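Q: Got a structure for you, written out below as structure tokens; questions coming shortly.
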Amino acid sequence: MKFKKFNKQFLKSRNFVVCVLVFMLVIVCTVNYQFNKQGMLETSSDLQEYEELLQADNENMDVDKEPVKETANENLETDEIKVVDSNKSEADEKVKETTANITKEMVSKENMQKDTYFIDIKMNREKERGELIEELDAIVKNPSSSKNSIEEASNMKLNLVKFRESELNIESLLTAKGFENPVAYVSENNASVVVDREKLNKDDVAKIFDVVYTQTKLPFENIKIMEYKR
């Protein structure tokens, strides 16, 4: 009887302990779950903040890159302007245009039909030269002109004075040698001369070549001699 009573008490005591342990386990699990949940929430919040910071940094980096890109484009445009300025001279283009206009008028068959040919050609030559000098002066006085352009335009103006002097000397010397109404045009690489003769012999051509070469030092292949044919 005592053994049975003890056994019943033991079982009751054991069941009580198991219940207590189960209850404690449930509490521990619940508390652990709450901690884990809170930790996950905090981790998720931290991760979100980190992602927001990372996104903000990327946006700042993109903003910072934009001025660099624009600056690079501005530098590229500046370099292109410099290349254009160095490779294509405005002054040189104007000189070539003037030379082409004067030469075209000199060799024009229509102009050679006129009795006023020599006067007209000399007047046209001075007119074209005067306009060219004005354009070169504009380049020199323009604040936006580069140093090279200003120097080149100034040198071309000096060359025009030399070319005009050579033309006057050629015309005076040819007149002294018996050639009536000679007209000459001298440029940097070429010279053209028209004399009032319908036919030139070899001696006449040699005399004209000698005068032009003495004044310009241009090779014979760059000197053009023409007869005035009505």
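Q: Considering LYS122, LYS147, LYS141, LYS157, which residue is among the charged types (D, E, K, R) and within 27 Å of TYR228 (Cα to Cα)? Let's see the steps before the verdict.
A: Numbers: LYS147 fails: within 27 Å of TYR228 (Cα to Cα); LYS141 fails: within 27 Å of TYR228 (Cα to Cα); LYS157 fails: within 27 Å of TYR228 (Cα to Cα).
Matching residue, one of LYS122, LYS147, LYS141, LYS157: LYS122.
Q: Working only within the range 141-156, note down all residues that are in a helix (DSSP H, G or I) and surrounded by 16 or more Cβ atoms within 10 Å (Cβ to Cβ). It would help to see each step written out before you state the result.
A: Going residue by residue through the range 141-156, those that are in a helix (DSSP H, G or I) are 141, 147-156.
Answer for the range 141-156, where residues must be in a helix (DSSP H, G or I) and surrounded by 16 or more Cβ atoms within 10 Å (Cβ to Cβ): SER149, ILE150, GLU152, ALA153, MET156.
Q: For the range 166-191, which positions are farther than 21 Å from LYS94 by Cβ and part of a helix (DSSP H, G or I)?
A: LEU168, ASN169, ILE170, GLU171, SER172, LEU173, LEU174, THR175, ALA176
Q: If I go through the range 158-209 residue by residue, how many of them are aromatic (Phe, Trp, Tyr) and closer than 13 Å to ARG125 by Cα? Even if it seems obvious, please write down each step before you answer.
A: Quick first cut of the range 158-209, residues aromatic (Phe, Trp, Tyr) only: 163, 179, 185, 209.
Now restrict to residues that are closer than 13 Å to ARG125 by Cα: 163, 185.
Within the range 158-209, residues that are aromatic (Phe, Trp, Tyr) and closer than 13 Å to ARG125 by Cα number 2.
Laboratory data are not the source of any read-out in this text; all were calculated from the coordinates shown. Everything numeric here is computed off the predicted structure, so don't read it as measured data. As a convention, Cβ positions derive from the backbone with ideal geometry for all residues, glycine included, and neighbour counts pool all protein chains shown.
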